[in-house]
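The values are calculated or read from the model by the stated rules, or taken from the named source; none is laboratory data. Being a predicted model, the structure only gives us computed values, none of them experimental. All Cβ positions, glycine included, derive from the backbone under ideal geometry; neighbour counts span all protein chains shown. Protein only, heavy atoms only, side chains kept; ligands, DNA and RNA dropped before computing areas. Shrake-Rupley method; radii C 1.70, N 1.55, O 1.52, S 1.80 Å.
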Amino acid sequence: MSDSAFQWLLEQIHSARGMASLWCLDEHAQGDTLPNASSLSVITNRWDQSELTRHAGLDTHFSDFDFSPWVDGSLDLVFYRVSKEKPVVHHIINEAGRCLKPGGELVLCGHKTDGTKTYIDKASAYLGQREKAKKMGQLYVARLVRSDRLATPLDDSDYTIPRPIFTDDDVQFFSKPGLFGWQKRDRGSAMLWEQAAPRLQTSGAETLLDLGCGYGYLGLMTQRLPLKRRVLTDNNAAALAMAAYNAEHNGIPAEVIGADCGERITDTFDAVLCNPPFHQGFGVSGDLTDRFLRSAHTHLTPNGRAWFVVNRFIPLEQKARGLFTHAEVLADRDGFKVIELRR
């Protein structure tokens, strides 16, 4: 179930029928009773959240928080439970201010540990008000009224602009705010590629799935392999945008598909590469690795192989039993382990 901040926000949304409203949804709806109102639109950067809200009958926009469908001063209300990444929060607050009518409200909430009070203070100043956050237990909440004139926007680290971060084996990778660890090469993914690359070269694999691709590092590092097809998939809109950008920039043929844990993809592949996330929303989710394991099993051909990298504390070898006939730890160091799985 979702957290108390999300529940508070849902109550505000349910009470706002008939007003031009926008719900900025990151990664929090988990089977909640969602509102159903013709005046409410949703913008979300998560494929799974977009599926939930679409099925609830809401006007849903899946993107990396691209607010271009809403013109200046067109909204009465914007609802937002703050995200984990500061540039995302700043970007959404800036765009909310632009889209709100004078007198419209930005409804913000989050936990104390999310830095919510600071975000509310910044948003209040930007909107031209000096309203304070209200404390409700461990929550901070606010309904901030937009004035006739906005102040200086918050620093969003040039949220929308891709920028180069590194080059590896002649592949230049770009990334942007909105992705976890977006400014660096992930150590776990680099370790996975180190172990999987020589095995892929001799495997005879013709098709490959990068499951949870991020900005596309693993899938695009296969550029020298004679693959007939490579598919990169992720749940996050920023990841999909950057994976597609990197594939095109480097001239590497790839299909980039939005899906929650590969659920929309019905084909099978000779090889699967996966560095699964182990966080969902603001907490650690114990079943995410299980879901990625099941997805890898579903998407492998009968003789296919999958390579995973996980934190050492995740018992992936034990979790793989019952699905795979073979699970071998190829490397275990620096807090990570790489495992090869066979059907």
Test for Thr301: is it open to solvent by 20 Å² or more (accessible area, probe 1.4 Å), in a strand (DSSP E or B) and either within 20 Å of Ala196 (Cβ to Cβ) or at pLDDT below 95 (or both) = yes
Within the stretch 110-126, residues without any contact (Cβ under 8 Å) to a residue 24 or more places away in the chain and open to solvent by 10 Å² or more (accessible area, probe 1.4 Å) come out as Lys117, Thr118, Asp121
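Okay, residues lined up against (1) of a type outside the set (A, V, I, L, M, F, W, C); (2) open to solvent by less than 40 Å² (accessible area, probe 1.4 Å):
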{"residue": "Ser83", "(1), (2)": "yes, yes"}
{"residue": "Pro87", "(1), (2)": "yes, yes"}
{"residue": "Ile93", "(1), (2)": "no, yes"}
{"residue": "Pro102", "(1), (2)": "yes, no"}
{"residue": "Leu108", "(1), (2)": "no, yes"}
{"residue": "Gly128", "(1), (2)": "yes, no"}
Do we find a residue being under 20 Å from the mean Cα position of the chain (by Cα) and surrounded by 23 or more Cβ atoms within 10 Å (Cβ to Cβ) anywhere in the stretch 51-69?
-> yes
Please go through the stretch 306-325 and pick out each residue that is within 26 Å of the chain's Cα centre (by Cα) and not in a helix (DSSP H, G or I).
-> Ala306, Trp307, Phe308, Val309, Val310, Asn311, Arg312, Phe313, Ile314, Pro315
Long-range neighbours under 6 Å by Cβ, at least six apart or interchain, first residue under 13 Å from Arg98 (Cα atoms) within the stretch 57-86, second of a type in the set (A, V, I, L, M) and open to solvent by 30 Å² or more (accessible area, probe 1.4 Å) = Leu75/Ala20; Asp76/Met19; Asp76/Ala20; Leu77/Met19
State the number of residues belonging to the stretch 145-165 that are surrounded by 14 or more Cβ atoms within 10 Å (Cβ to Cβ), out of contact with any Gly (no Cβ under 9 Å at 6 or more places or on another chain) and outside any loop (DSSP other than H, G, I, E, B).
-> 1
Residue that is nearest to Thr44 (Cα to Cα) [pool: residues in the stretch 169-185 that are at pLDDT below 95 and crowded, with 18+ Cβ neighbours inside 10 Å] | Gly178
So, first residue within 17 Å of Gln223 (Cβ to Cβ) and of a type in the set (S, T, N, Q) in the stretch 163-186, second residue surrounded by 20 or more Cβ atoms within 10 Å (Cβ to Cβ) and at pLDDT below 95, Cβ within less than 9 Å, six or more apart or across chains; the pairs are none
Quick one: which strands (runs of 3 or more DSSP E) lie wholly within the stretch 196-274 and hold at least 2 residues that are on the phi > 0 side of the Ramachandran plot, open to solvent by less than 30 Å² (accessible area, probe 1.4 Å) and acidic (Asp, Glu)?
-> none
Just need a number here: residues in the stretch 287-332 that are among the charged types (D, E, K, R), free of Cβ contacts under 8 Å to residues at least 40 places away in the same chain and in contact with a helix residue (DSSP H, G or I) (Cβ under 9 Å, 6 or more places away or on another chain).
-> 3
